[in-house]
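A short write-up of the structure that comes next.
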Amino acid sequence: MMADLRDLQLLVALSRHRHFSRAADDCGISQPAFSARIRRLEEGFALPLVRRGNRFQGFTREGEVVLKWARKLLGDVEGMRQEIDALSNILSGKLAVGVIPTALPFAARVASQLRQRHPALSIDILSLSTRLIEIRLEDFSIDAGIMYYEDADPAHTEALYEEHYTLIAPNALAPRASGRATWAEAAKLPLCLLTRDMRNRQFLDDVFRRIDEVPTIVMEASDFTAVLAQVASGHAATIAPLDVGRTFLASGSTVHLELVDPVASQIVGLSARDQTPPLPMVEALRRAARAAL
């Protein structure tokens with residue numbers, strides 16, 4: 001059975017919305033027509049692809065496999081369209097990039113560079129954990145990821161920059177007004193950090209273990225918005241890349257101290273999904289990332 005591209009688009013839309021009616025609206029057809037085409041797709045494979053009850057309940061194991069290949073096939077078709085458009089110096093379409101929270105300021109600069117060069121391009125920046133970036137690259141639901149280099153596939157990842165850490169504290173909590181702070185000093189402050197499932201938090205915990213310090217964690221959050229809100233309110237300090245503090249917090253209300261003893265760092269890289277030939281917009285993303293350094 002050969003599914004046509006439209007059926008694959010419907011299946012991918014269902015995975016994105018996880019709701020038959022919303023997926024049908026997104027695809028511009030009625031819900032009965034949408035459901036009928038999904039059922040015909042299942043009949044063609046002679047397999048159930050969708051788990052149904054009173055509402056959408058997810059995909060079967062077979063459905064997940066079909067969904068993965070559907071995304072890949074649609075990605076190849078999109079790559080062909082982009083390469084044809086590139087012959088006329090036009091690059092359009094939607095680029096989905098998963099980004100670890102600490103790299104969001106850098107990703108914003110990259111997106112700005114990319115939009116200046118290719119104004120017809122639409123960019124989705126998704127704040128994701130390292131693990132989710134890996135999963136979504138594998139199932140073709142994102143085009144690229146900005147993540148820690150050591151966690152990525154080196155065959156498809158380019159090192160970009162080294163991430164160094166600072167203690168960001170309200171004026172009243174900071175051990176001094178400028179200069180440096182040690183990790184041991186940071187451990188004694190009330191800290192708000194990312195949750196333990198985030199790769200950045202795991203790295204920070206490892207640094208504290210290496211110096212035999214137990215940090216005073218008063219709050220955890222899954223993204224830096226909530227973390228920095230605690231710092232801005234004066235209730236806690238945090239540890240973050242310098243770029244994060246500069247981008248989201250006014251320097252007058254907080255103190256930013258370079259962390260030493262030890263000087264710790266991680267390499268951040270740009271990883272793309274395994275696709276040959278590569279999408280022209282992913283190649284454009286690579287060029288924009290180098291220009292933003």
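The values are calculated or read from the model by the stated rules, or taken from the named source; none is laboratory data. Only a predicted model underlies this, so the values are computations on that prediction, with no experimental measurement involved. Because the Cβ atoms are built from the backbone with ideal geometry, glycine has one as well, and the counts that use them run over all protein chains shown. Just the protein is used for accessible areas: all its heavy atoms, side chains included, with ligands, DNA and RNA removed. Shrake-Rupley method; radii C 1.70, N 1.55, O 1.52, S 1.80 Å.
How far, in degrees from 0 to 90, does helix 5-17 lean away from the longest principal axis of the Cα atoms of the chain, to the nearest 10? That helix lies at roughly 40 degrees to the long axis.
Over the Cα atoms of segment 53-148, compute the convex hull volume and normalise it per residue, giving Å³. Provide the component values of the computation, followed by the final result.
On the way: hull volume 12.0 nm³, N = 96.
Output value, Cα hull per residue: 125 Å³.
Just to confirm my numbers, what's the Cα centroid distance between segment 151-172 and segment 220-249 in Å? The two parts, judged by their Cα centres, are 15 Å apart.
DSSP beta bridges fully contained in the chain are about 55 percent antiparallel. Counting only alpha carbon atoms, the long axis of helix 31-45 and the longest principal axis of the chain meet at about 80°. Label-to-label distance, GLN202 versus LEU242, with points set 7 angstrom from Cα along the beta-carbon direction: 2.7 nm.
Give, as a single signed number, the net charge of other residues whose beta carbon lies under 11 Å from the beta carbon of HIS17, with Lys and Arg counted +1 and Asp and Glu -1.
Numbers: positive: ARG16, ARG18, ARG22; negative: ASP25, ASP26.
In short, +1.
Convex hull volume of the C-alpha atoms in segment 1-130, normalised per residue: 132 Å³.
What is the ratio of the Cα radius of gyration of segment 74-230 to 2.2 N^0.38 Å, where N is its residue count, to two decimals? Let's see the in-between values first.
Details: Rg = 19.3 Å, N = 157, 2.2 N^0.38 = 15.0 Å.
In units of the 2.2 N^0.38 Å rule of thumb, it is 1.28.
What are the semi-axes of the equivalent ellipsoid for segment 1-75, taken as the square roots of 5 times the Cα gyration tensor eigenvalues, largest first, in whole Å? If you can, show how the numbers build up before the last one.
Working: eigenvalues 54, 40, 29 Å².
Its equivalent ellipsoid spans semi-axes of 16, 14, 12 Å.
Mind checking the per residue accessible area of the chain for me, 1.4 Å probe, whole number of Å²?
Ligands and nucleic acids excluded, the result is 49 Å² per residue.
Which values of log₁₀ I(q)/I(0), to two decimal places, follow from the Debye formula for the chain at q = 0.12 Å⁻¹ with a uniform point scatterer at every Cα? Debye curve over Cα of the chain, log10 I(q)/I(0) at q = 0.12 Å⁻¹: -0.86.
Compare the peptides 104-111, 80-87 by average per-residue count of other Cβ atoms within 10 angstrom and give them in order, highest first. Write down the numbers at each step before the final one.
Values: 104-111: 20.1, 80-87: 13.9.
Taking the mean over residues of other Cβ atoms within 10 Å, the ranking is 104-111, 80-87.
Taking all Cα-Cα distances within segment 193-273, those exceeding 20 Å account for 37%. Remark: spin-label model distance LYS68-GLU43 equals 2.8 nm, labels positioned 7 Å along the Cα→Cβ axis. At an R0 of 51 angstrom, the distance between the Cβ atoms of ASN54 and ALA226 translates into a FRET efficiency of 0.90.
In a fully extended conformation the segment linking GLU83 and ARG117 would gain 10.6 nm over its present Cα-Cα distance, using 0.36 nm per residue. Angle check, please: helix 104-117 long axis (alpha carbons) against the longest principal axis of the chain (alpha carbons), in degrees 0 to 90, nearest 10. Between helix and principal axis, roughly 50 degrees.
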